[in-house]
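One structure is given below, encoded as structure tokens.
The values are calculated or read from the model by the stated rules, or taken from the named source; none is laboratory data. Just so it is clear, the model here is predicted, and its values are computed rather than measured. Note: ideal-geometry Cβ built from the backbone for every residue, glycine included; neighbour counts use all protein chains shown.
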Amino acid sequence: MSAPTLYELAPSDSDIYRAQILELTEKNPYAASVHVYDENEYRQMRLLVTDDGKAGVALKDDEIVSAFAHKDCAHPKSVQSMLCQATALGGRRLDCFDTVLPKLYAQAGFVPVARLKWNDDYAPDGWDYDTFREYNNGRPDVVFMAYDPDHVGGTYTRGAGENIDDYDDGITRARQYRPR
């Protein structure tokens with residue numbers, strides 16, 4: 001595992017952060033699972049990147065969003081370190097599709113608190129059902145996860161988390177989660 005120092009971009013450099021994520025979406029067939037915000041939205045977030053700018057994570061208040069790492073990043077396998085740094089800065093929740101991401105996040109101490117069934121009406125731009133076929137036939141649930149420091153190094157069980165019917169309910173449950 002790599003543990004690079006992360007550098008915070010100034011709000012005026014939000015276009016740089018967004019450009020790196022957009023570049024990744026052009027190269028990675030699974031990139032549709034990461035939401036790309038517009039530049040003005042990124043300007044309101046804390047944007048953290050590695051020294052080469054090829055990996056990063058963003059904080060939107062207490063939510064960790066838009067984590068990315070290019071294959072040619074100088075810091076391979078840095079996701080756990082980036083998540084650790086994001087939680088140290090107040091990141092307490094995130095949501096993701098039930099693909100490989102919940103497993104990565106569980107290792108960083110995130111626990112599934114809720115899940116929302118896939119809805120074709122909300123499929124991200126560029127979503128390819130065949131590419132994601134192994135995940136519920138290309139229709140993975142959205143998993144809402146909350147940080148629990150006692151679960152760092154944890155594992156994820158596919159299907160974990162209480163089924164809910166509303167995205168905002170998932171956000172609320174992740175915000176209200178308290179480690180035991």
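Within segment 120-130, can one find any residue that is touching an Asp or Glu at 6+ places or on another chain (Cβ under 7 Å) and not assigned by TED's automatic domain parsing to the domain that holds Ser66? Give the derivation first.
Step one: list which residues in segment 120-130 are touching an Asp or Glu at 6+ places or on another chain (Cβ under 7 Å), which gives none.
No, because not a single residue in segment 120-130 is touching an Asp or Glu at 6+ places or on another chain (Cβ under 7 Å) and not assigned by TED's automatic domain parsing to the domain that holds Ser66.
When you go through Asp72, Asp125, Asp95 one by one, which is the residue that is in a loop (DSSP other than H, G, I, E, B) and either in contact (Cβ under 8 Å) with a residue 24 or more places away in the chain or under 24 Å from Glu162 (Cα atoms) (or both)? Step through it out loud before you land on a result.
Numbers: Asp72 fails: either in contact (Cβ under 8 Å) with a residue 24 or more places away in the chain or under 24 Å from Glu162 (Cα atoms) (or both); Asp95 fails: in a loop (DSSP other than H, G, I, E, B).
Being in a loop (DSSP other than H, G, I, E, B) and either in contact (Cβ under 8 Å) with a residue 24 or more places away in the chain or under 24 Å from Glu162 (Cα atoms) (or both) holds for just one of Asp72, Asp125, Asp95, which is Asp125.
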Does Leu22 satisfy the condition of being closer than 25 Å to Asp150 by Cα and without any contact (Cβ under 8 Å) to a residue 60 or more places away in the chain? no
Identify, by number, the condition in (1) in contact with a strand residue (DSSP E or B) (Cβ under 9 Å, 6 or more places away or on another chain); (2) touching a residue at least 24 places away in the same chain (Cβ under 8 Å) that Ala10 doesn't meet. (2)
Sort out which residues of segment 76-100 are within 18 Å of Leu47 (Cβ to Cβ) and aliphatic (A, V, I, L, M), and write them in order of number. Val79, Met82, Leu83, Ala86, Ala88, Leu89, Leu94
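Yes/no per residue for (1) at pLDDT 95 or above; (2) part of a loop (DSSP other than H, G, I, E, B); (3) over 24 Å from Leu22 (Cβ atoms):
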position: Gly91; (1), (2), (3): yes, yes, no
position: Gly109; (1), (2), (3): yes, no, yes
position: Pro112; (1), (2), (3): yes, no, yes
position: Pro140; (1), (2), (3): yes, yes, no
position: Thr155; (1), (2), (3): yes, yes, yes
position: Asp168; (1), (2), (3): yes, no, yes
Residue check: is Glu63 of a type outside the set (Lys, Arg), modelled with pLDDT of 95 or more and over 13 Å from the mean Cα position of the chain (by Cα)? no
If you go through Thr25, Thr50, Thr5, the only one that is touching a Leu at 6+ places or on another chain (Cβ under 9 Å), not assigned by TED's automatic domain parsing to the domain that holds Arg115 and not hydrophobic (A, V, I, L, M, F, W, C) is Thr50
Does segment 27-49 include one or more residues that are more than 28 Å from Asp128 (Cβ to Cβ) and under 15 Å from the mean Cα position of the chain (by Cα)? yes
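Restrict the check to segment 43-58 and report whether at least one residue is of a type in the set (A, V, I, L, M) and in contact with a helix residue (DSSP H, G or I) (Cβ under 6 Å, 6 or more places away or on another chain). If you could, list the steps in order and put the result at the bottom.
Here is the first cut: in segment 43-58, the ones of a type in the set (A, V, I, L, M) are 45, 47-49, 55, 57-58.
Within this subset, residues satisfying the condition of being in contact with a helix residue (DSSP H, G or I) (Cβ under 6 Å, 6 or more places away or on another chain) are 47, 57.
Checking segment 43-58: at least one residue is of a type in the set (A, V, I, L, M) and in contact with a helix residue (DSSP H, G or I) (Cβ under 6 Å, 6 or more places away or on another chain).
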Can you find a residue in segment 23-44 that is farther than 23 Å from Tyr122 by Cα and part of a loop (DSSP other than H, G, I, E, B)? yes
